[in-house]
Amino acid sequence: MIKQFDIRLSKNAEKLLEIQMPSYKVEAEIIGYDDIPPLKDTVNTLKQCGETFFGYYINEELCAAISVKVIDNEVDIHRLIVHPDHFRKGIAQKLLTFIERQFDKRIIIVATGSKNKPAITLYKKNGFRITKEVQVNEHLSLTYFEKKLLSD
């Protein structure tokens, strides 16, 4: 089940960190760079991030989450997190589909590490196109994606 939760509540931020840290540690290993911002998050930084969070729950346990910021006609996906125990179960796909249906917006954007092949594959499979690549530092490059949704 997917439902929205309030990240400003400490207990929710704590639960999110329990899945975010192991998930982003896997991404850090994939991209070969462990100084990524999500690994520096704390309960307080999450409570103040200003993102809207939706959790994927199995038997009331938070197993995955997606967060967005909505500005004008654009949905900006900030995080797509799946706990490693739940990789390869289609949960990231379900969360992406949920976001597409949840908001009546024309564009969805997202970025990921350029070496994060599983994420890049997921976004391309879902009709996202690469808009740019940015070299953040000598160890990290980010790939930005965009998907234009059809209007009625």
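The values are calculated or read from the model by the stated rules, or taken from the named source; none is laboratory data. Just so we're clear, the structure is a prediction, and the values are computed from it rather than from any experiment. Every residue, glycine among them, receives a Cβ derived from its backbone with ideal geometry; neighbour counts consider all protein chains shown. Only protein heavy atoms, including side chains, enter the accessible area calculation; ligands, DNA and RNA are left aside. Shrake-Rupley method; radii C 1.70, N 1.55, O 1.52, S 1.80 Å.
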**Request:** Collect the residues in the stretch 73-101 that are in contact (Cβ under 8 Å) with a residue 12 or more places away in the chain and charged (D, E, K, R), keeping them in residue-number order.
**Result:** GLU74, ASP76, ARG79, ASP85, LYS94, GLU100
**Request:** Please work out if LYS11 is open to solvent by 40 Å² or more (accessible area, probe 1.4 Å) and free of Cβ contacts under 8 Å to residues at least 40 places away in the same chain.
**Result:** yes
**Filtered residue count, the stretch 67-91, keeping only those that are in a helix (DSSP H, G or I) and buried (at least 16 other Cβ atoms within 10 Å of the Cβ)** = 2
**Complete:** Counting only residues that are under 25 Å from LYS117 (Cα atoms) and assigned to a strand (DSSP E or B), the stretch 3-59 contains a total of 4
**Asked** Does ILE108 satisfy being modelled with pLDDT of 95 or more, touching an Asp or Glu at 6+ places or on another chain (Cβ under 7 Å) and at negative phi?
**Response** yes
**Request:** Taking the residues in the stretch 92-143 that are among the aliphatic types (A, V, I, L, M) and in a loop (DSSP other than H, G, I, E, B) as candidates, determine which candidate is surrounded by the fewest Cβ atoms within 10 Å (Cβ to Cβ).
**Result:** VAL136
**Asked** Quick check: anything in the stretch 38-58 modelled with pLDDT under 95, surrounded by 13 or more Cβ atoms within 10 Å (Cβ to Cβ) and more than 20 Å from ASP6 (Cα to Cα)?
**Response** no
